[in-house]
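Undergrad: There's a structure below that I have some questions on.
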Amino acid sequence: MKRNLISTAFAALAISTMAQDIKQVTVTNNSGFQRTAEPVAINIDEAADIKSAKVTIDGTEIPCQLDDIDGNGVNDQLFFLTSLDKRQKKTFRVELSSKTTQNTYEAQVYAQMMLTNKKIKSSNKQDLYISSLTVDNGTNPYWMLHHHGPAFENEMVAYRIYFDERQTVDIYGKYRKALELKQTQFYPDAEQKASGFGDDVLWVGKTFGVGALRGWANNAPQMLQDVDKRTLSIVSRGPLRTIVKVEDRGWNPLYPESCNAADRIDMTTLYTLCAGRRDCAVDVSFKGDVSKLQLATGVINVKNSVEFSDNKGLRGCWGTDWPVSEKDSAGHKRETVGLGIYIPAAYVVSELPANKDNYPYVVSPTDSSLHYAITFASDNETFDGSHHSSKSFFDYLKQWKKELEKPVTISVKDL
């Protein structure tokens with residue numbers, strides 16, 4: 001499986017170098033269930049140097065975005081969202097131009113990354129925004145970064161990724177549908193909490209959190225230590241999806257053992273969150289010899305949680321615990337969350353029994369790539385599609401897997 005699990009409609013456009021090119025894109029739902037907020041990602045030939053895109057259906061313009069995924073300064077992917085009834089087909093007109101400016105649309109996602117400004121005491125008024133940071137081997141910027149790494153959200157959920165050897169995925173739950181991180185910066189104050197803003201809902205420590213990827217050696221997960229250069233970046237800020245990139249260049253996959261320079265590998269992980277969805281795609285690519293590489297991932301074993309597994313790559317839990325350490329618990333309450341992960345069978349080496357920290361897997365890449373998806377729900381949610389019991393959340397996980405395994409299809413033709 002070489003495509004993003006969540007950007008399920010995916011095709012390449014052979015765009016000419018003309019100032020404007022027009023295509024017809026047909027998206028078909030071959031499944032027997034409805035799909036909402038269905039992502040459509042289309043590759044663009046960089047030689048066309050596309051500057052703007054317009055997507056319409058039946059003459060009505062819908063939001064879209066252009067992204068430069070590889071970071072070379074040229075847009076290489078068009079993205080938009082659609083909804084489909086069961087067995088439904090929709091046809092879109094796509095206009096791509098190398099001359100005009102991209103239309104702006106209302107933001108449905110948001111991402112931020114910032115340094116901690118020691119002169120500002122408030123945890124939700126930090127102002128040193130950045131897009132990327134690279135550190136050398138042995139450097140840990142965890143405490144230099146506000147909320148410890150990049151954070152990103154849509155109206156339903158928010159995630160953050162720790163910038164250290166853990167690279168843990170942490171979560172922020174919401175009561176209502178809204179973009180909040182610009183105001184709360186992951187740390188709502190008392191007034192914001194009283195007015196209905198969300199908050200951190202999970203204590204992760206050294207666990208997987210929600211789907212963090214780790215090394216696997218000596219029959220145990222290993223933190224991503226001994227990395228020549230570690231980079232975290234915000235690749236895309238919306239308006240329909242946000243993409244965060246984690247690069248571990250020159251990683252020693254044999255850690256805690258030493259390795260030769262030839263044994264080091266480059267691992268690049270993209271976390272993609274789309275508007276209208278609670279799940280996040282995790283797409284990992286490798287450079288170097290990964291023919292024998294094994295890795296570990298999974299979800300945290302929330303205290304007193306109930307586990308679900310179909311023993312075929314889908315696993316989750318539902319439980320309640322404090323979202324912070326005991327010393328920081330003032331002003332917080334116990335939080336109930338559901339966590340889920342789906343890993344296609346091609347990547348699963350083994351599903352390990354639960355331990356005190358995690359519900360773990362051992363996985364291995366295929367064709368120098370690895371793709372899986374993560375998701376969560378907070379019991380605080382009050383909007384449609386929320387979950388307030390293990391049964392409801394586990395039923396959602398089962399349907400989620402069906403959608404990921406039966407993607408929509410697209411066809412593209414010139415107009």
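Every number here is computed from the coordinates shown, using simple stated rules; none is lab data. Predicted, not measured: the structure shown is a model, and the values here were computed from it. All Cβ positions, glycine included, derive from the backbone under ideal geometry; neighbour counts span all protein chains shown.
Undergrad: Determine the sum of side-chain charges near GLU247: Lys and Arg each +1, Asp and Glu each -1, restricted to other residues whose C-beta is under 11 angstrom from that of GLU247. It would help to have the intermediate numbers written out before the result.
TA: On the way: positive: LYS229, ARG230, LYS245, ARG249, LYS287; negative: ASP228, ASP248, ASP266.
Taking every other residue near GLU247 into account, the sum is +2.
Undergrad: Around GLY32, under 12 Å between beta carbons, what's the net of Lys plus Arg minus Asp minus Glu among the other residues? Don't skip to the answer; put the middle values down first.
TA: Values: positive: ARG35, LYS86, ARG87, LYS402, LYS406; negative: ASP85, GLU403.
Result for the neighbourhood of GLY32: +3.
Undergrad: Please report the antiparallel percentage of the DSSP beta bridges confined to the chain, to the nearest 5. Don't skip to the end; give the middle numbers.
TA: Details: 121 of 127 bridges.
Counting DSSP beta bridges with both partners in the chain, the antiparallel share is about 95 percent.
Undergrad: I need PHE186, PHE33, PHE208 ordered by Cβ neighbour count within 10 Å, fewest first.
TA: Numbers: PHE186 22, PHE33 13, PHE208 27.
Ordered by Cβ neighbours within 10 Å, fewest first: PHE33, PHE186, PHE208.
Undergrad: A follow-up question, please. Say we join alpha carbon atoms closer than 10 Å with springs in a Gaussian network model of the chain; which of LYS356, LYS51, LYS182 then has the biggest fluctuation?
TA: LYS356
Undergrad: Right, another one. Using a Förster radius of 25 Å, what is the FRET efficiency between ILE57 and ALA178 based on their Cβ-Cβ separation? Nearest 0.05, please.
TA: Details: r = 27 Å, r/R0 = 1.08.
It comes to 0.40.
Undergrad: Excluding same-chain pairs closer than 8 in sequence, count the lysine pairs in the stretch 190-305 whose Cα atoms lie under 29 Å apart.
TA: Taking the stretch 190-305 as the scope, the lysine pair count is 12.
Undergrad: Could I ask something else about it? For ASN103, put the label point 7 Å out on the Cα→Cβ axis and report which residues of the stretch 49-69 keep their amide N under 15 Å from it.
TA: 52-66, by backbone N distance to the label point.
Undergrad: Put +1 on the Cβ of every Lys and Arg and -1 on every Asp and Glu Cβ in the stretch 109-383; which of THR297, PHE197, PRO353 then has its Cα farthest towards the positive end of the dipole?
TA: Selected residue: PHE197.
Undergrad: Using only Cα atoms and rounding to the nearest 10 degrees, what angle (0 to 90) does helix 390-405 make with the longest principal axis of the chain?
TA: It is inclined by approximately 40 degrees.
Undergrad: Still on this structure, please answer the following. Could you work out the helix-only [θ] at 222 nm for the chain, with each DSSP H run of four or more residues adding -39,500 (n - 2.57) and the total divided by the number of residues, to the nearest 500 deg cm²/dmol? All intermediate terms of the calculation are to be shown ahead of the outcome.
TA: Numbers: 3 runs with 25 residues, N = 415.
Only helices count here, giving -1500 deg cm²/dmol.
Undergrad: Same structure again: If we count other beta carbons within 10 Å of each Cβ, what is the order of GLU191, GLU335, fewest first?
TA: Starting with the residue having the fewest Cβ neighbours, the order is GLU191, GLU335.
Undergrad: Of GLY313, GLY198, GLY59, which is the most mobile in a GNM of the chain whose springs link Cα atoms less than 10 angstrom apart?
TA: GLY59
Undergrad: Same structure again: I want to verify the translational diffusion coefficient of the chain in µm²/s; compute it with Stokes-Einstein, Rh as the Kirkwood radius over Cα pairs, at 25 °C and 0.890 mPa s.
TA: Values: Rh = 22.0 Å.
The calculation lands on 111 µm²/s.
Undergrad: Which far-off residues, 5 or more places away or on another chain, put their amide H under 5 Å from the one on VAL235, with H placed in the peptide plane?
TA: Under 5 Å from the amide H of VAL235: ILE243, VAL244, LYS245.
Undergrad: Looking at the stretch 115-171, I'd like the Rg to Rh ratio, where Rg is from alpha-carbon atoms and Rh is Kirkwood's inverse mean 1/r.
TA: Values: Rg = 12.1 Å, Rh = 12.4 Å.
Rg/Rh for the stretch 115-171 comes to 0.98.
Undergrad: Follow-up question, since we're still on this one. Report the Cα centroid-to-centroid distance between the stretch 384-411 and the stretch 43-59 in angstrom, as an integer.
TA: 30
Undergrad: With the chain treated as a Gaussian network of Cα nodes joined by springs under 10 Å, which of ASP279, ASP45, ASP58 yields the largest mean-square fluctuation?
TA: Maximum fluctuation in the GNM of the chain, among the listed residues, is at ASP58.
Undergrad: Say each of ALA47 and THR91 gets a label point 7 Å from the Cα, pointing the same way as Cα to Cβ; how far apart are those two points in nm?
TA: Placing both labels 7 Å along Cα→Cβ, they lie 2.9 nm apart.
Undergrad: Next up: Take PHE33, project a point 7 Å from its Cα along the Cβ direction, then tell me which residues of the stretch 280-300 have their backbone nitrogen under 20 Å from it.
TA: From the stretch 280-300, the list is 280-282.
Undergrad: Can you pull the one-decimal nm distance between simple spin-label points at SER350 and ILE130, each 7 Å off the Cα toward Cβ?
TA: Result: 4.0 nm between the two label points.
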